[in-house]
Amino acid sequence: MSSNNRPLSPHLDVYKLPLSALLSIVHRGTGAFLTLGTIVLVWWLMALAGGEESFNSAQQFMGSFFGRLILLGWSFALFFHLANGIRHLVWDAGYCFEKDEVEKTSYIVLATSVFLTLLVWVVAFLFTAGA
Amino acid sequence: MSLRSPLGQAKGLGSAKEGLHHWWAQRVTAVALIPLTIWFAFKVAVLSMSDYKTVLECIGSPWSAALIVSLIVAAFYHAALGMQVIYEDYIGGKAVRIAAIMGTNLLLFLLAAASIIAVVRIAVGG
């Protein structure tokens, strides 16, 4: 192992990450982020169980800019992990392993997660306007 | 010392018997979480600006509470299994790895217990 001049295979530095690889690491990232995000869910449920006062202060925080930013990231992470998770289940069943299918379903996953995120926020704002 | 090759020793013994359980449990919880998370996300969106009483009644109705408890069990189990895989992939030291997995499992159990208690309390109107 002393030779320094041997040709090396293309290193990670010059390797363009395919979209499917990017989505794969994002799946893991969103999974860890959602695990951390369960704290928000627990906190909200605890606030609701704690009575009107604690619930109102929780709602006030969630309605603030910072609270909404957390919820926006949270909802996108959730819908991305959901959509890509369904793709993983399809793979587990043995389908869609061809290169063009993986490419196509990558875009479907992205479009679905963006669409569901927008939809849930539109629903939230529609019900605000109606109330 | 045995003269049999490692492959020869392992052949015919089958799997380690429980290796599939982790993988399978992650899939079962994933399937359960598909309808549960969609339902919950849109329910919270609809309730986002409602007052305390409305939210309390909506979350605390028997079917709602049952679905949320199911969601909590599936989600925290799924999270624990997923975090374990991440630790196993990235943490080299055995002691740190085991401590991270165990710590996460215990913490997630506590969070799950806390949220189930909260939902039960909301449902029975404590």
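The values are calculated or read from the model by the stated rules, or taken from the named source; none is laboratory data. Owing to the predicted nature of the structure, the values given are computational and were not obtained by experimental measurement. Every residue, glycine as well, gets a Cβ built from its backbone with ideal geometry; the counts of neighbours run over all protein chains shown.
General observations
- Answer residue from segment A:92-109, given it is under 22 Å from B:L36 (Cα atoms) and more than 11 Å from chain B (Cβ to nearest Cβ) and is surrounded by the most Cβ atoms within 10 Å (Cβ to Cβ) among those: A:V109
- Qualifying residue in segment B:25-45 (condition: more than 12 Å from chain A (Cβ to nearest Cβ), without any contact (Cβ under 8 Å) to a residue 40 or more places away in the chain and of a type outside the set (K, R)): no
- With a requirement of 3 or more residues that are surrounded by 12 or more Cβ atoms within 10 Å (Cβ to Cβ), the helices (runs of 4 or more DSSP H) lying completely within segment B:1-83 that satisfy it span B:19-47, B:52-60.
- Among residues of segment A:100-122, those that are in contact with a Ser or Thr (Cβ under 9 Å, 6 or more places away or on another chain) and not hydroxyl-bearing (S, T, Y), counted: 5
- Condition met for A:S24 (touching a Ser or Thr at 6+ places or on another chain (Cβ under 8 Å) and either within 30 Å of B:W23 (Cα to Cα) or assigned to a loop (DSSP other than H, G, I, E, B) (or both)): no
- For segment B:55-88, a residue qualifies if it is under 16 Å from A:M46 (Cα atoms), β-branched (V, I, T) and at the interface with another protein chain (Cβ under 10 Å from one of its Cβ atoms), and the qualifying residues are B:V55, B:I59, B:I68, B:I72.
- Whenever a residue of segment A:71-84 is under 15 Å from B:L36 (Cα atoms), it has no partner that is of a type in the set (D, E, K, R) lying with C-beta atoms less than 8 angstrom away and at least six residues away or across chains.
- Scanning segment A:40-89 for residues that are at the interface with chain B (Cβ under 7 Å from one of its Cβ atoms) and exposed (fewer than 15 other Cβ atoms within 10 Å of the Cβ), we see that the one that is farthest from the chain's Cα centre (by Cα) is A:E52.
- Candidates B:A99, B:A75, B:A45, filtered to the one that is of a type in the set (G, A, S), touching a Ser or Thr at 6+ places or on another chain (Cβ under 8 Å) and within 24 Å of A:G29 (Cβ to Cβ): B:A75
- Close pairs from segment A:117-130: first more than 8 Å from chain B (Cβ to nearest Cβ), partner in a helix (DSSP H, G or I) and at pLDDT 90 or above, Cβ under 8 Å, at least 6 apart: A:T117/A:L72; A:T117/A:S75; A:T117/A:F76; A:T117/A:F79
- Residue check for B:Y87: of a type in the set (F, W, Y) and over 12 Å from the mean Cα position of the chain (by Cα): yes
- When the test is whether a residue is in contact with a Gly (Cβ under 8 Å, 6 or more places away or on another chain), modelled with pLDDT under 95 and assigned to a helix (DSSP H, G or I), A:F125 does not pass it.
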